[in-house]
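As structure tokens, the structure follows; a few thoughts come after it.
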Amino acid sequence: MKYLILFSMTLASIASNGQSAKSLYPKEIPNFIAGKNLQNQATTDGILRIANVTEPTYTLYLSSVEPSLSKPLVVIFPGGGYRILAASHEGSDIALKLNEIGVHAMVVHYRLPDSTRQVEKQFAPLQDAQQAIRVARQNASAWKVELTKIGVMGFSAGGHLAASAATHYKVDYTKVNDGMNLRPDFQILIYPVITFRGNSHQGSVNSLLGSNKTDELLHLFSNEEQVDTNTPMAFLVHAADDKAVPVSNSLNYAAALSNKNVPVDLHIMAKGGHGFGLKNKTTQEYWFDRLATWFKTF
């Protein structure tokens, strides 16, 4: 994060449900070390997994419901422990479902931490999250987006990234410093990693920080410790039997928000484990229906 590195890149359009991926940064990627693009992907058990993301992109999904009206937009960050991106069931599938209820979506393939490709790898995902919010606000008029309804959504480690964007907006980590409002208007977190202390998901902690686990960084990335009265309202979903990311992550974050009088909707399901995406097969309850109702409240 100490400087910007200029590079030239020809970005091939990547087909994703009829959409095309675009470079997240128009000219320069902050905190970037140039090198060969080794990004690769594979589909296993119906889930598209993308690895070695070092050149971030976004894919826009505009809802066709009442096309003359401006709509909310959700910036989506798939999970994957900061090692891979679960790009389909926590990305494109979610975007298409949001489109059905009249909400625009933007799926971000953010950089995965890599000390060979980033000067300070721990800040690369957050920089990309902030840049995605910037791009959404810059294009709000062209995309028919309500400027006061641009929010973030994340799953697992992507939930940590979304919560980081929601609690670290006062500092422009991209160092563009153009005065753009980087505060999300809302946050939607599905089985999120929240804390980097104690009962956390150590895989995410290790991937983002490596051996650089100073108390300062553990505090910075423990988002329950970063909540204030201006943190955006939240919608959270978690399964009580989640063995990968303990439910205490959502419980403690909800408590921190409530203690600061930030509106929070918390939905805890008895079973479901981790990584269920849209459909928790252990219950007839469909969490997305609750989310659709929640959107009608603001």
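The values are calculated or read from the model by the stated rules, or taken from the named source; none is laboratory data. Worth saying up front: this structure is predicted, and the values here are computed from it rather than measured. In this analysis, Cβ positions are derived from the backbone assuming ideal geometry, glycine residues included, and neighbour counts consider all displayed protein chains.
Before moving on, here are some points about what is shown:
- Checked against the criterion of being crowded, with 19+ Cβ neighbours inside 10 Å and more than 23 Å from residue 105 (Cβ to Cβ), the candidates 222, 250 yield just one match: 222.
- The set of residues in the stretch 40-62 that are without any contact (Cβ under 8 Å) to a residue 24 or more places away in the chain and out of contact with any Lys or Arg (no Cβ under 8 Å at 6 or more places or on another chain) comprises 40, 44, 45.
- Scanning the stretch 44-70 for residues that are over 21 Å from the mean Cα position of the chain (by Cα) and either closer than 30 Å to residue 298 by Cα or at pLDDT 95 or above (or both) yields a count of 7.
- The condition (being within 17 Å of residue 58 (Cβ to Cβ), at pLDDT 95 or above, of a type in the set (Gly, Ala, Ser) and out of contact with any Cys (no Cβ under 9 Å at 6 or more places or on another chain)) is satisfied by just one residue among 151, 159: 151.
- Criterion: over 28 Å from residue 140 (Cβ atoms) and either part of a strand (DSSP E or B) or in contact with a Ser or Thr (Cβ under 6 Å, 6 or more places away or on another chain) (or both) - qualifying residue of 58, 82: 82
- Qualifying helices (runs of 4 or more DSSP H) (wholly inside the stretch 199-298; at least 1 residues being touching an Asp or Glu at 6+ places or on another chain (Cβ under 8 Å) and at pLDDT 95 or above): 215-220, 248-259, 287-295
- Pick from the stretch 109-135, criterion small (Gly, Ala, Ser) and touching a helix residue (DSSP H, G or I) at 6+ places or on another chain (Cβ under 8 Å), ranking: farthest from residue 174 (Cα to Cα): 115
- Residue 24 within 23 Å of residue 135 (Cα to Cα), at pLDDT below 95 and touching a Ser or Thr at 6+ places or on another chain (Cβ under 8 Å): no
- Here residue 254 meets each of (1) over 18 Å from the mean Cα position of the chain (by Cα); (2) farther than 21 Å from residue 127 by Cβ with one exception, condition (1).
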